[in-house]
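The values are calculated or read from the model by the stated rules, or taken from the named source; none is laboratory data. Model, not experiment: these values are computed from the prediction. Don't worry about glycine lacking a Cβ; one is built from the backbone with ideal geometry, like all the others, and counts go over all protein chains shown. Note: accessible area is taken over every heavy atom of the protein model, side chains too, but ligands, DNA and RNA are not part of it. Shrake-Rupley method; radii C 1.70, N 1.55, O 1.52, S 1.80 Å.
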Amino acid sequence: MLPLERQSDVRRFGIFEADLRARELRKGGIRIRLQDQPFQILAMMLERPGELVTREELRQHLWPSGTFVDFEHSLNAAVKRLRAALGDDADNPRFVETLHRRGYRFVAPVESQSPARHLHPVPSRVSRLPDTANVRLVVLPFTNLGNDPSQEYFSDGLTEEMITQISRLSPGRLGVIARTSSMRFKCSTKLASEIGRELAVDYLLEGSVRFAGDHIRISAQLIEARTETHLWAETYDRRLEEILALQSEVAARIAHSLAMELVPDQRDALERVAPRRSEAYQAYLKGRFHWNRSGDDGLISALSYYDRALELDPQFAAAYAALARAKVSMAHYARGPGRAALEGARDAALKAIELDSGLSDAHVALAEVHKSLEWNWRLAETTYRTAIALSPSCETAHRALGVLLAGLSRFQEAKAETDRACDLDPLCLTVNTSAALVRYLTHEFDETIDRCQYTLDMD
């Protein structure tokens, strides 16, 4: 094996990359802290992915002849620190597998930056995948090509509608990156392959919106991240007066087209969204726009727009679900009496479920009420899991369930849920902070520090 000083390759796996020359480990492009010995163990395994690296080989490399150390304890501690940095689990490894009494094996696919050498390369996923495969996709923010910034809420709303509908396509097979991480790439000039590596996705959906007089044009295209190959593109032209049904219709059509490319046996998974009054839908989109502002800055405006949407269309299930989520946040941010806000959230969530039982957001809000108002942990867990079953890419449900399970001392399950949330929304500050909290509650303090530092590096 070449000494580390002579190696120039950057090895990529998942959302991580290891610079063997600089001895740096990065996650999503952000450097994370890893001590020297754990990094050397990682480097040895990355040189031989899929192969056994014996404990004796590690001893000779890390503690050469003449070094006196408690080898067994020191090696175990170094591997534990490596797993903590990777967010890995010894019982259910994604990266480092333990072979009892023999050594360790790196089990994830690894790519080398060097064009001359590719270690255990990730195969192209353009062709249809086997049933056991998982496909990851990010919907990049749709670009507003007009000169009117007041229409920004429409392009942002279209992006969010895409994420919601595509997430329902094929539970367990198609993972969709959450909105927070997606919006980090708004107006980005990065290449598709760079975004793909940072978010560990196979495909990108990007598009644009242009208003021209009383017409609107929406374009969308599907790109394979690794090869930057354009697989599919389509353009939709509508009159502005049809804006009522346009956004949901286009999202559904694109989602169906994506299904034919990515998971063709699931292309009938979506149902058409029923048209609603245009003014109600516009109010709902503006509410979503304010809801997505940082912290609690947009809560009052969001609630006002949701209320307006429901005044115009009392059967608008998605608006009830959004209203329920907003009222839960009002309670959490102490923007008024908490009990009244949670009771209002319960009423809105139940109404949403009555109108459309398939709305994941409504079940998330109801679970929060069960947890925070009723203190019914079992029912809260069941309701979170219902939300996840309806939308496996709902990072909010995974994150909230993880925090609940940690509070119930079910730490392994809690870590699995918050790690899943991080996979779905890797650049979200709240998600990563929640994952750090769960590690803190499990007394895994080194990893807690690493995750907190990673989050601070993002903000």
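Between Ser393, Ala367, Leu408, whose Cα lies farthest towards the positive end of the dipole of region 363-410 when Lys and Arg beta carbons carry +1 and Asp and Glu beta carbons carry -1, centred on the Cα centre?
Leu408
When Lys and Arg each count +1 and Asp and Glu each count -1, what net charge do the other residues less than 12 Å away from Ala340, Cβ to Cβ, add up to? Spell out each step's value before the answer.
Numbers: positive: Lys327, Arg335, Arg339, Arg346; negative: Glu343, Asp347.
Residues near Ala340 contribute +2 overall.
Which value, in Å³ per residue, describes the convex hull spanned by the Cα atoms of region 352-459? List each step's numbers first, then the result.
Details: hull volume 10.1 nm³, N = 108.
Once divided by residue count, the hull of region 352-459 is 93 Å³.
For a quick check: with amide H placed at 1.01 Å from N, whose amide H comes under 5 Å from Leu174's, ignoring anything fewer than 5 positions away on the same chain?
Counting only residues 5 or more places away or on other chains, the set is Val135.
Assigning unit charges at the beta carbon (Lys, Arg +1; Asp, Glu -1) and nothing else, what dipole magnitude in debye, to the nearest 20, does region 286-389 show about its Cα centre? Walk me through the intermediate numbers first.
On the way: 13 positive and 13 negative charges, 46 e Å.
Result for region 286-389 is approximately 220 debye, rounded to the nearest 20.
Which pairs in the list Lys80/Lys415; Lys190/Lys327; Lys286/Lys371; Lys286/Lys327; Lys351/Lys415 are over 26 Å apart, alpha-carbon to alpha-carbon? Intermediate results must be reported in sequence, preceding the final value.
Details: Lys80/Lys415 15 Å; Lys190/Lys327 37 Å; Lys286/Lys371 29 Å; Lys286/Lys327 17 Å; Lys351/Lys415 32 Å.
Distance filter (> 26 Å) returns Lys190/Lys327; Lys286/Lys371; Lys351/Lys415.
Going by average Cβ density within 10 Å per residue, which order do the peptides 320-331, 189-200 take, highest to lowest? Please list the in-between numbers first.
Values: 320-331: 26.2, 189-200: 17.8.
The most tightly packed comes first, giving 320-331, 189-200.
Which order do you get for Ser182, Ser304 if you rank them by accessible area with a 1.4 Å probe, largest at the top?
Details: Ser182 0, Ser304 70 Å².
Of Ser182, Ser304, the descending order of accessible area is Ser304, Ser182.
Please list 76-86, 17-27 highest first by mean number of surrounding beta-carbon atoms within 10 Å per residue. All intermediate terms of the calculation are to be shown ahead of the outcome.
Numbers: 76-86: 19.7, 17-27: 17.9.
Per-residue Cβ counts within 10 Å, averaged per peptide and sorted highest first, yield 76-86, 17-27.
Taking 8 Å as the Cα distance limit and 6 or more residues as the minimum spacing, I'd like the relative contact order of region 316-459 as a percentage. Could the numbers behind the result be given before it?
Details: 219 pairs, mean separation 21.4, N = 144.
That works out to 15 percent.
Starting from the residue with the highest accessible area, list Thr164, Thr448 in decreasing order, probe 1.4 Å. Don't jump to the answer; show the numbers that get you there.
Working: Thr164 75, Thr448 15 Å².
Putting Thr164, Thr448 in descending order of accessible area: Thr164, Thr448.
When the accessible area of region 330-459 is computed with all protein chains present and a 1.4 Å probe, what percentage of it is carbon and sulfur? Could the numbers behind the result be given before it?
Working: 3120 of 5670 Å².
In region 330-459, the share of accessible area belonging to carbon and sulfur is 55 percent.
In the neighborhood of Thr189, defined by Cβ-to-Cβ distances under 15 Å, what is the net charge if each Lys or Arg adds +1 and each Asp or Glu adds -1?
On the way: positive: Arg184, Lys186, Lys190; negative: Glu194, Glu198, Glu206, Glu228.
Charge balance in the 15 Å sphere: -1.
Could you put Asp91, Asp425, Asp313, Asp36 in order of accessible surface area, largest first, with the 1.4 Å probe and the full protein assembly present? Show your work: numbers first, answer last.
Working: Asp91 135, Asp425 0, Asp313 25, Asp36 80 Å².
So the residues, ranked largest to smallest area, are Asp91, Asp36, Asp313, Asp425.
So what is the accessible area of region 34-106 per residue, in Å², with the probe set to 1.4 Å? Spell out each step's value before the answer.
Working: 3680 Å² over 73 residues.
It amounts to 50 Å² per residue over region 34-106.
Taking the Cα centre of region 332-415 as the origin, how large is its charge dipole in debye, to the nearest 20, when only Lys and Arg (+1) and Asp and Glu (-1) carry charge on their Cβ atoms? Let's see the in-between values first.
On the way: 10 positive and 10 negative charges, 61 e Å.
I would put it at about 300 debye.
How much accessible area per residue does region 363-459 have, counting only protein heavy atoms and a probe of 1.4 Å, in square angstrom? Each step should come with its number before you reach the end.
Working: 3930 Å² over 97 residues.
Heavy-atom SASA per residue in region 363-459 reads 40 Å².
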